[in-house]
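Trainee: Let me begin by handing over the structure; questions about it come next.
The values are calculated or read from the model by the stated rules, or taken from the named source; none is laboratory data. Treat the numbers as computed from the prediction; the structure is a model and nothing was measured. Here Cβ is always computed from backbone atoms with ideal geometry, including for glycine, and neighbour counts include all displayed protein chains.
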Amino acid sequence: MNSEYKKGITPMHLVISGVTAGVCIVLALFAIILVPVPGLPSASGFWIPAGFYFVFTLWFGIWGALGGHIATFIAMGYFSGYTLHIWLDGGLGDFIAPLVTLIIFRALKADPELKTKKDWITWIVSVPISSLVCGLWVHSVNLAFGIITPPFWWIGVVTYFLGDSAAIFIVGTPLLKTLSKYVKASPVYVEGIFS
Amino acid sequence: MALKTFLTYVPKDSKINKIHPVVKVSLLLSINIIAWLIEDPIILFLLFLIIIFNYKIFRIPLYGLKKFLLSTIIILQAIIVSYIFGSKIPGKNIYLILPWGTYVSEMTIIYIIAMSFRFTSMLLGSTLMLGTMRDRDIIYGVTCLHLPYSLAFIINLSFRNMGIFIEDYSRVRDAMILRGGKFSKGSFLEKIKNYIYLAIPLAILAIRRIIEISYAVEAKGFGINKKRSYYHDYSINLKNLILTIFILSLIPLTFICKIYFKIFIFPGVISMLIK
């Protein structure tokens with residue numbers, strides 16, 4: 001069914017990004033209000049939307065990541081202003097991170113349904129790698145804009161790595177395990193990266 | 001009479017409403033990049049004053065910025081903590097030497113002030129432009145820049161979906177409370193567990209919505225590469241085009257001034273005052 005309908009990029013892919021962004025904006029606003037992190041701008045100790053847009057990226061390819069990117073920028077901007085710093089920092093960081101997981105999943109041909117040991121290992125390994133890449137990016141941007149100094153760069157990267165990985169595992173794993181089968185049977189599932 | 005924008009209300013006869021969205025987007029980019037390139041605290045302070053002055057000129061109420069106040073304080077304290085405890089900026093007087101080798105000089109304090117003005121200038125400048133735009137401005141601005149209409153479509157859809165998702169969230173949450181679910185009681189971990197139970201039905205609703213909207217969009221003949229017609233005319237005139245080019249040219253000009261003429265570099269003008 002999927003191969004019959006999915007020929008290149010269709011309006012459906014744009015809808016995926018728009019709806020993912022709409023969902024994640026609200027979750028991001030909740031996350032910032034519920035678990036704020038003193039000392040870090042527009043950050044949350046438990047970034048709930050990460051769990052969603054990581055899973056949505058595994059289901060819907062780059063379109064899920066794009067939705068996460070728009071959501072983070074809009075939500076963080078709502079609190080900290082729509083600046084170039086915020087866009088580069090959280091916005092672009094949250095676009096790169098799920099893409100890293102997606103590329104690892106597609107390269108290793110792992111299944112988001114997490115059926116085999118290989119799928120589980122891919123999920124358990126790829127999420128911390130993505131969080132580390134994102135943490136390195138986010139705090140390098142903070143450093144480049146003069147928000148933090150080099151000694152605080154390491155602290156930021158380590159806390160980001162731990163906090164983000166925990167949120168993705170806690171929120172994302174049940175979503176993958178319970179809904180992947182349902183999504184794979186629907187016409188919106190993206191097998192590759194773009195379509 | 002006032003117009004409702006994303007962040008505030010702007011008087012209908014304010015000159016900012018006459019500025020083309022492309023000019024606003026280029027100003028947004030320029031303010032952010034120029035503030036990023038400049039290190040001189042005096043110049044950054046002047047930039048900050050210019051932006052505040054523009055709020056007066058365009059009669060944009062500053063109360064719309066109230067919600068950014070807490071975040072600004074958080075970012076400023078992050079800058080202060082980071083530089084006080086983690087920097088080595090040489091100066092004439094050293095006020096504090098920390099056990100891990102960093103120190104605080106008068107230049108550290110000046111640098112903190114410079115970085116604070118850099119961030120507040122970016123914040124106020126961005127809000128001045130983006131905060132006074134409507135969703136229509138963004139969509140037409142994107143198309144005027146010859147960026148794909150798809151991008152404007154995604155942004156608009158995400159804003160529309162926010163409201164729908166909040167309704168979904170309330171409905172699912174209420175249903176779970178009626179079945180004995182507790183969201184306000186319990187430890188942090190228990191609360192997280194409850195929110196995970198909430199996440200599954202919300203994800204299902206989001207997937208169903210993607211399918212429904214996709215069919216609706218396809219049924220209406222929406223195509224990614226199809227040529228479109230527009231209800232409003234946002235074509236850019238010569239005056240706005242020249243203004244856009246001038247605003248964007250300020251970015252390389254600032255860069256050249258910084259690299260070749262060594263101006264805008266910290267401590268800049270203030271070093272002459274200290275001598």
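Trainee: What's the number of the condition residue A:111 fails, among (1) over 18 Å from residue B:74 (Cα atoms); (2) of a type in the set (Asp, Glu); (3) assigned to a helix (DSSP H, G or I)?
Mentor: Residue A:111 satisfies all of (1) over 18 Å from residue B:74 (Cα atoms); (2) of a type in the set (Asp, Glu); (3) assigned to a helix (DSSP H, G or I) except (3).
Trainee: Also, quick follow-up: Looking only at segment A:140-195, how many residues end up being outside any helix (DSSP H, G or I), in contact (Cβ under 8 Å) with a residue 60 or more places away in the chain and within 9 Å of chain B (Cβ to nearest Cβ)? Walk me through it before giving the result.
Mentor: Step one: list which residues in segment A:140-195 are outside any helix (DSSP H, G or I), which gives A:145-149, A:186-195.
This time we only want the ones that are in contact (Cβ under 8 Å) with a residue 60 or more places away in the chain, so: A:145, A:147, A:187-195.
Narrowing the set further to residues that are within 9 Å of chain B (Cβ to nearest Cβ) leaves A:145, A:147, A:187-188.
Residues meeting the conditions: 4.
Trainee: State yes or no: is residue B:112 crowded, with 17+ Cβ neighbours inside 10 Å and at the interface with chain A (Cβ under 8 Å from one of its Cβ atoms)?
Mentor: No.
Trainee: Please find, among B:251, B:210, B:204, B:259, the residue that is out of contact with any Gly (no Cβ under 8 Å at 6 or more places or on another chain) and more than 14 Å from every other protein chain (Cβ to nearest Cβ).
Mentor: On the way: B:251 fails: more than 14 Å from every other protein chain (Cβ to nearest Cβ); B:210 fails: more than 14 Å from every other protein chain (Cβ to nearest Cβ); B:204 fails: more than 14 Å from every other protein chain (Cβ to nearest Cβ).
Among B:251, B:210, B:204, B:259, only B:259 is out of contact with any Gly (no Cβ under 8 Å at 6 or more places or on another chain) and more than 14 Å from every other protein chain (Cβ to nearest Cβ).
Trainee: Same structure, new question: Could you please find all residues in segment B:75-109 being over 15 Å from residue B:123 (Cβ atoms), assigned to a helix (DSSP H, G or I) and more than 9 Å from chain A (Cβ to nearest Cβ)?
Mentor: B:80, B:84, B:106, B:107, B:108, B:109
Trainee: Look at segment B:143-178 and say how many of its residues are within 28 Å of residue B:211 (Cα to Cα), touching a residue at least 60 places away in the same chain (Cβ under 8 Å) and away from chain A (no Cβ under 13 Å).
Mentor: So the count comes out to 1.
Trainee: Still on this structure, please answer the following. Only one residue in B:16, B:43, B:33 is part of a helix (DSSP H, G or I), more than 12 Å from chain A (Cβ to nearest Cβ), touching a Phe, Trp or Tyr at 6+ places or on another chain (Cβ under 9 Å) and under 29 Å from residue B:259 (Cβ atoms), so which one is that?
Mentor: The match here is B:43.
Trainee: In this structure, is residue A:116 surrounded by fewer than 17 Cβ atoms within 10 Å (Cβ to Cβ) and within 14 Å of chain B (Cβ to nearest Cβ)? If you could, list the steps in order and put the result at the bottom.
Mentor: Numbers: surrounded by fewer than 17 Cβ atoms within 10 Å (Cβ to Cβ): yes; within 14 Å of chain B (Cβ to nearest Cβ): no.
So residue A:116 fails the test.
Trainee: Just a yes or no: is a residue in segment A:135-154 of a type outside the set (Phe, Trp, Tyr), within 21 Å of residue A:63 (Cβ to Cβ) and either surrounded by 15 or more Cβ atoms within 10 Å (Cβ to Cβ) or modelled with pLDDT under 90 (or both)?
Mentor: No, segment A:135-154 contains no residue that is of a type outside the set (Phe, Trp, Tyr), within 21 Å of residue A:63 (Cβ to Cβ) and either surrounded by 15 or more Cβ atoms within 10 Å (Cβ to Cβ) or modelled with pLDDT under 90 (or both).
Trainee: Further question: Given the structure, is residue B:159 closer than 30 Å to residue B:224 by Cα and either at pLDDT below 80 or among the polar types (S, T, N, Q) (or both)? Show your work before the answer.
Mentor: Details: closer than 30 Å to residue B:224 by Cα: yes; either at pLDDT below 80 or among the polar types (S, T, N, Q) (or both): yes.
Considered against the rule, which asks whether it is closer than 30 Å to residue B:224 by Cα and either at pLDDT below 80 or among the polar types (S, T, N, Q) (or both), residue B:159 comes out as yes.
Trainee: Take the residues of segment B:39-56 that are over 18 Å from the mean Cα position of the chain (by Cα) and of a type in the set (Phe, Trp, Tyr): which is surrounded by the fewest Cβ atoms within 10 Å (Cβ to Cβ)?
Mentor: Going through the qualifying residues, I end up with B:53.
Trainee: In segment B:171-182, how many residues are loosely packed, with under 12 Cβ neighbours inside 10 Å and modelled with pLDDT of 85 or more? Break it down into steps so the answer makes sense when it comes.
Mentor: To start, the set of residues in segment B:171-182 that are loosely packed, with under 12 Cβ neighbours inside 10 Å comprises B:174, B:178-180, B:182.
Next cut, modelled with pLDDT of 85 or more only: B:174, B:178-179.
Qualifying residue count for the region: 3.
Trainee: Further, regarding this structure: Condition test on residue A:83, is it modelled with pLDDT under 90, within 13 Å of chain B (Cβ to nearest Cβ) and over 18 Å from the mean Cα position of the chain (by Cα)? Let's see the steps before the verdict.
Mentor: Values: modelled with pLDDT under 90: yes; within 13 Å of chain B (Cβ to nearest Cβ): yes; over 18 Å from the mean Cα position of the chain (by Cα): yes.
Yes: the conditions hold for residue A:83.
Trainee: Looking at (1) at pLDDT 85 or above; (2) more than 7 Å from chain B (Cβ to nearest Cβ); (3) surrounded by 24 or more Cβ atoms within 10 Å (Cβ to Cβ), find the lone condition where residue A:18 falls short.
Mentor: (2) is the only condition that residue A:18 fails.
Trainee: Residues of segment B:179-204 being part of a helix (DSSP H, G or I) and touching a residue at least 12 places away in the same chain (Cβ under 8 Å), which ones? Working first, answer last.
Mentor: Residues of segment B:179-204 that are part of a helix (DSSP H, G or I), as a first pass: B:188-204.
Residues satisfying the conditions are B:194, B:195, B:197, B:198, B:201, B:202.
Listed here are the residues, each with its yes/no results for (1) within 23 Å of residue B:156 (Cβ to Cβ); (2) modelled with pLDDT under 90; (3) out of contact with any helix residue (DSSP H, G or I) (no Cβ under 6 Å at 6 or more places or on another chain).
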{"site": "B:184", "(1), (2), (3)": "no, yes, yes"}
{"site": "B:188", "(1), (2), (3)": "no, yes, yes"}
{"site": "B:196", "(1), (2), (3)": "no, yes, no"}
{"site": "B:204", "(1), (2), (3)": "no, no, yes"}
{"site": "B:217", "(1), (2), (3)": "yes, yes, no"}
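Trainee: Would you tally the residues in segment B:117-142 being within 11 Å of chain A (Cβ to nearest Cβ) and basic (Lys, Arg)?
Mentor: Residues in segment B:117-142 being within 11 Å of chain A (Cβ to nearest Cβ) and basic (Lys, Arg): 1 in total.
Trainee: Just a yes or no: is a residue in segment B:56-74 under 23 Å from residue A:83 (Cα atoms), modelled with pLDDT of 85 or more and not in a loop (DSSP other than H, G, I, E, B)?
Mentor: Yes, segment B:56-74 contains at least one residue that is under 23 Å from residue A:83 (Cα atoms), modelled with pLDDT of 85 or more and not in a loop (DSSP other than H, G, I, E, B).
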